[in-house]
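Just below is one structure, and these are the notes that go with it.
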Amino acid sequence: MSMTDPVADLLTRIRNAAMEKHEKVELPASRLKANIVRVLKEEGYIKNFRLIRDDSGKVSLKVYLKYDDEGGSVIRGIRRVSKPGLRKYTGGGTVPKVLGGIGISILSTSKGVLASQKAAQQKVGGEILCEVW
């Protein structure tokens, strides 16, 4: 069975693992998923991630979640914005702020997958993949 929205699957797995306070979550890898997770690491929402190849040659992505001093997840919320049935795009000058600037948007741009602040600095727009706060 093929998956219609692998990015939504990634976000849901991270959200569920964070709610259950898991140390890590493992999922099938793709270049887009790895780039989204890279942005999450750069912005401080996760500890680390690894790409792992098993004996059969399949690549999986292992994401290590980050928690604050009280044991709560650093990721308070994560949601998919652009969906397969309704794509959402933004221009370089109109990158939306998440919760008044508290969170970030992750965009797929012509310069790669970027956080909203970096996309605004570089004045590039693109598809709004998700929001994290």
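On the stretch given as the range 78-114, residues that are free of Cβ contacts under 8 Å to residues at least 60 places away in the same chain, under 13 Å from the mean Cα position of the chain (by Cα) and over 14 Å from Gly126 (Cα atoms) total 1.
Across the range 1-22, the qualifying residues are those that are part of a loop (DSSP other than H, G, I, E, B) and touching a residue at least 60 places away in the same chain (Cβ under 8 Å), and the one among them that is surrounded by the most Cβ atoms within 10 Å (Cβ to Cβ) is Asp5.
Residues of the range 19-37 that are among the charged types (D, E, K, R) and farther than 20 Å from Lys58 by Cβ: Glu20, Lys21, Glu23. Of the residues making up the range 44-57, those that are closer than 19 Å to Arg13 by Cα and assigned to a loop (DSSP other than H, G, I, E, B) are Gly44, Tyr45. Among the residues of the range 93-132, those that are part of a loop (DSSP other than H, G, I, E, B) and either surrounded by fewer than 15 Cβ atoms within 10 Å (Cβ to Cβ) or of a type in the set (Val, Ile, Thr) (or both) comprise Gly93, Thr94, Val95, Pro96, Lys97, Ile102, Ser110, Lys111, Lys123, Val124.
Take Leu65 and decide whether it is under 19 Å from Cys130 (Cα atoms), touching a Leu at 6+ places or on another chain (Cβ under 6 Å) and at pLDDT 95 or above. No, not satisfied.
The values are calculated or read from the model by the stated rules, or taken from the named source; none is laboratory data. All figures in this text were calculated on a predicted structure; none of them were measured in a lab. Glycine also receives a Cβ, built like all others from the backbone with ideal geometry; neighbour counts cover every protein chain displayed.
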